[in-house]
Each structure stands twice: as structure tokens, then as C-alpha cells.
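Below is one structure; the comments refer to it alone.
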Amino acid sequence: MSLRPTNLPLTAKGFDEEKIGVCFGCGCYCGYIAYLKGGNIVDVYGHPNDPNGMGSLCTKGIALLQELPKNPMRAKRVLLREGEEFREGSLEEVRRRVGKRVGIFLDRLTTDLRDLLTSLQLTDCVYSDAVHLPFRPSTLKPQSWSSKKVIVAIECDPVFSEVMSVRWIVDAVERGAYLVAVSSRFGTVAQKASESFLLKPPKVVRFLESLADAIEGKKAPEKVDKISRAILGLGDSLLLIGDTLLRTPWRGNVLSALKRIRLRTGIDYSFVGDVTPIKTKSLSDLLREATSLDTLILTGNPFAYINDTEPLEKTFKVHLTLFPNLTANSSDAVVPVRSFQEREFTGFRNGFGNLKTSGPVLSSEFWTLSDFLREVFGAEVPEDLSVPDLPPVEEVEFEGTEVEEEGIYLLVDRTLVDDVGHWNLWTHEVEREQRVLANERTAELLGGELKIGDLTLKITVNNNIADETILFPDSFEETQPFDPGIRAGKVLPDPDIRVFRYS
């Protein structure tokens, strides 16, 4: 990074060292100054000269930077399963037990571009939970959102994913932008919007398709036609699309509608959420291919999205993890992994098209995925870190499917606290109990309960949820240390599809 410490320290706490880093808690990649004493962070501030964070850090970022490294529940030793228990082991023992046919799952928080490229050199069985976009994920950086005259946010509220980018939407509104929020749940964007439409997920998709129709001069509902006239009349418009709709059966419909609007108007757009320019296989692929794998290397907590891990029973599973979560408890070996501030990290999984590298701020004796793959499998770690130059969305073909609007839909999605946040007491307090949310009418239709198989969860009434929609938070699972809940995998028929018809 080109940023340097400020002339005067931003903290009043005693320190003996200053280091500059980048927070990779989301795709905003905010720069920060860490103040260290004895090798430990005693205070952290957003860097005032960083154009991304502009001197600020969100609560999630502060918790990851300052609280995660010293969390007493972090995994700190290599563990090997013996029956139902674990014993302390070594990397050498892990090396002796791995097989030749290897699969690797990469998460967003502890693995970076180097890890992905190293994995792809070792095996063709590389999996992740990121949404692959075969075109440019954004036509402009978030800082430019604030200059737009019309912003249409489709199932997109950055406060649940790319937190600090919300400021650029708020800036646009304060400058007089016409902001439209179309979503299955209302959050920050809806509160600031000139107009808001609370619709269940398939109707959000149909709204976007109707907007494309209107812009092409076809008949559309009056409320949609009004937005199309604003886009065509005022110009300088922006379409924001959350990755939630890309995890539905209607992904092709969404991308096709964007392409149609873009061809007619040249509209700027940004995707918000966990997207990648490099294609990997999905969780569904992992389950289908599991029996052909000798060894599965895991990061993050992918088993939280899987109900039945029986296809993986005979595969030797190694989990590089920050915490002893559900995936760790379901694995055969556990290896402590470095967090992003404890290593050189190149983030790339974001809808803004950013590629950012930060050096280590803290020292660590744990492993990165790349180091592990090199040491255990002899993998070559590439020095050249780059992503492909993607074509514009106009040059890519998409195939849609029929959008069925009838019925009640279950939406598995982010909330304010992610799964790692539940291992920090003070961020966990923001969202202590798992709540299945629905509006009053939907809750009444279901008798106040969500029932799937042998699972029954009480519904909490929240009228910021669209009619005939149930929101199931994806951040809870059974082995969390505080107020554990039910994993999302218990309700998902397909771990890659996060919206489905409930009834």
C-alpha cells in the first residue's frame, strides 16, 4: 500500500509500532492504521487518506481486526480425529494421511487470490461459495455512486454485505438522487429511498424484467414505466444488484434483464456481494464429486449449508479454520489458519472489480492455505497474481427460465452479523438469537411456525419482510459457542440455491 502512518497518531493509547493494512471483511477494502504494543493490536482506526474507508471502519471490520486475533476460542493446534474425539497432532501426520485425488473449498475471509491460483495448479476440483460472473462485475467504483441522478437497487442492501459502500448511496440521496429500492426485505437503502417496493423474490425478478420491457418501449406497469422514464430522461443512472438473486433459479433472467437495459441505455451497474471473476465449482458439485475424492481441504464453514454430509464420510477431510465450527467438528483433521491481517493477502472476491493487496500487520505461526498446499502436497505457489480481463455484459449470452410467482418463498440470506461474528461476544450481541422472520400476514398463514421435515422454528413478525416471504438467517449453526441455532443447510434443498418455494 502507498498509505503511510499519519504525522500524529490517531490513538491516545500507548503503542510502540504503527502498521498500515487493508480490511478484507467485505469488498470495500478499507485501509486502516493499527497501533501495536508488544506485537498485539491495542487500537485501530480507519486511515483518513484512504479513498475507500475515508477514515472509517464498520463494526464488523473493527471486530475482525482487533478482536479476532486475540479471541480465546481460536483454533491454535493441529488436531486429528480419533473416533468421536480429537487429539493433538502434527502437520506431518496430516501429510501421511492425505490421498492423491484432492478437492479444495475456498472461503472469502481466510483465502485470497494466491490461494485460489495455487489450488487450481494442484487440482481441477476447486470449489467455493462465490458467484462467478463471466463479465465485468461493475462499470464504476462505489465512490462514483454518489454522483448518480437515478439509482435503482434490486434486492440489494450493502449494509448486509459490503457495509461501507452504503455511504455512497446516502451521499447520492443527499445530493438529490432519485433512489428506488426493490427488495424482499427493507433495510438501510429502503429507508433512504424516494420509492420502495417490498416484493417477494420472484416478483423482484419480474420487476427487473418489466423495467427492461419499459426501457425497450414495451408495455409495463405504470410504477415501472415511471422509473424507466427517469432513467431515460435524466440519464447518469446506476443499477445495483445484490448477489442474492444470483443464488436463485432465475439468475439468467436477472443477467438477461441487465443486458437488455444496458444495451438500450448504457446504464452503469455494480454487483454487491461475494462474486468472483475466476470460475470455481459449487457446493452442489462438491457433493456430487465427493466419492471420487481421497482428500478434501476445507476453509470457512461450508458444512453450514449442507444438511447431509454422508457423501463425504469416506473422504479424509482437513479443515483450515479460525474457529472450531460445524465444519471443523465434522472433519478428520483441523489446522489453524491465518486471518487476513496475519499474512500477505490479495482480495478479489467482490462486485466492484477491486484487486487489493495488503501486507501482514500481525505475526502468526499458523498456516495459509497456499503454505499448507505447498508443504503437504508440493504445490507451486504462483508469484504472478492477476485476474482475467472480462468482457462487458453486453457480449455475454444468458438463458432465463420461467418465473413462478405463486406461493410462499423461503429466503436464506445474510443479516447484520456473519457466522464469524458469532464467535465475538460484542458483535454477537447485535443478533443474539436466531429468528425466522415474516410479516404479520405470512406468519398468520403459517400458524406462526416454520416447519420443514422434523424442523420447527417460531416465526418472529417483522413487517419489513415482503408478503409471502420467510427470511432464514444464514449465520447460525449448531456448534456456535453463544446461543447456537440451526444451520441453513437444514432448510436448503440445494446448497447453491438460497431462495426456493416453501409452499
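The values are calculated or read from the model by the stated rules, or taken from the named source; none is laboratory data. Note that this is a predicted model, so its numbers are computed, not measured. Neighbour counts are summed over all protein chains in view; Cβ atoms, including those assigned to glycine, are modelled from backbone coordinates with ideal geometry.
Yes/no matrix, rows are residues, columns are (1) of a type outside the set (D, E, K, R); (2) within 22 Å of Ser165 (Cα to Cα):
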position: Asn253; (1), (2): yes, no
position: Leu258; (1), (2): yes, yes
position: Arg262; (1), (2): no, no
position: Asp274; (1), (2): no, yes
position: Leu287; (1), (2): yes, no
position: Ala290; (1), (2): yes, no
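Residue by residue, here is whether (1) modelled with pLDDT of 95 or more; (2) in contact with a Lys or Arg (Cβ under 6 Å, 6 or more places away or on another chain); (3) over 30 Å from Pro392 (Cα atoms) holds:
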site: Arg264; (1), (2), (3): yes, no, no
site: Ile278; (1), (2), (3): yes, no, no
site: Thr291; (1), (2), (3): no, no, yes
site: Thr295; (1), (2), (3): yes, no, yes
site: Gly300; (1), (2), (3): yes, no, yes
site: Asp308; (1), (2), (3): no, no, yes
site: Pro311; (1), (2), (3): no, no, yes
site: Lys314; (1), (2), (3): no, no, yes
site: His319; (1), (2), (3): yes, no, yes
Between a residue in region 220-231 that is charged (D, E, K, R) and any residue that is in a helix (DSSP H, G or I), which pairs come within a Cβ distance under 6 Å, given they are 6 or more apart or on different chains?
Asp225/Ala214
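Per-residue answers, yes or no, for (1) over 16 Å from Gly300 (Cα atoms); (2) hydroxyl-bearing (Ser, Thr, Tyr); (3) not in a strand (DSSP E or B):
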residue: Thr460; (1), (2), (3): yes, yes, no
residue: Phe472; (1), (2), (3): yes, no, no
residue: Gln480; (1), (2), (3): no, no, yes
residue: Ile486; (1), (2), (3): yes, no, yes
residue: Gly489; (1), (2), (3): no, no, yes
Can we say Lys100 is closer than 26 Å to Glu195 by Cβ, out of contact with any His (no Cβ under 9 Å at 6 or more places or on another chain) and surrounded by fewer than 22 Cβ atoms within 10 Å (Cβ to Cβ)?
no
Can you tell me which residue among Lys76, Lys60 is over 18 Å from Pro360 (Cα atoms) and surrounded by fewer than 17 Cβ atoms within 10 Å (Cβ to Cβ)?
Lys76
Heads up, the helices (runs of 4 or more DSSP H) in region 185-246 (entirely inside) with at least 2 residues that are farther than 27 Å from Leu411 by Cα are 201-215, 222-234
Taking region 279-324 as the search range and keeping residues that are under 23 Å from Glu478 (Cα atoms) and among the β-branched types (Val, Ile, Thr), which one is surrounded by the fewest Cβ atoms within 10 Å (Cβ to Cβ)?
Thr309
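Checking the conditions here, which among Ala290, Ala257, Ala304 is under 30 Å from Trp168 (Cβ atoms), in contact with a helix residue (DSSP H, G or I) (Cβ under 6 Å, 6 or more places away or on another chain) and either assigned to a strand (DSSP E or B) or among the aliphatic types (A, V, I, L, M) (or both)? Break it down stepwise before answering.
Numbers: Ala290 fails: under 30 Å from Trp168 (Cβ atoms); Ala304 fails: under 30 Å from Trp168 (Cβ atoms).
Every option except Ala257 fails the conditions.
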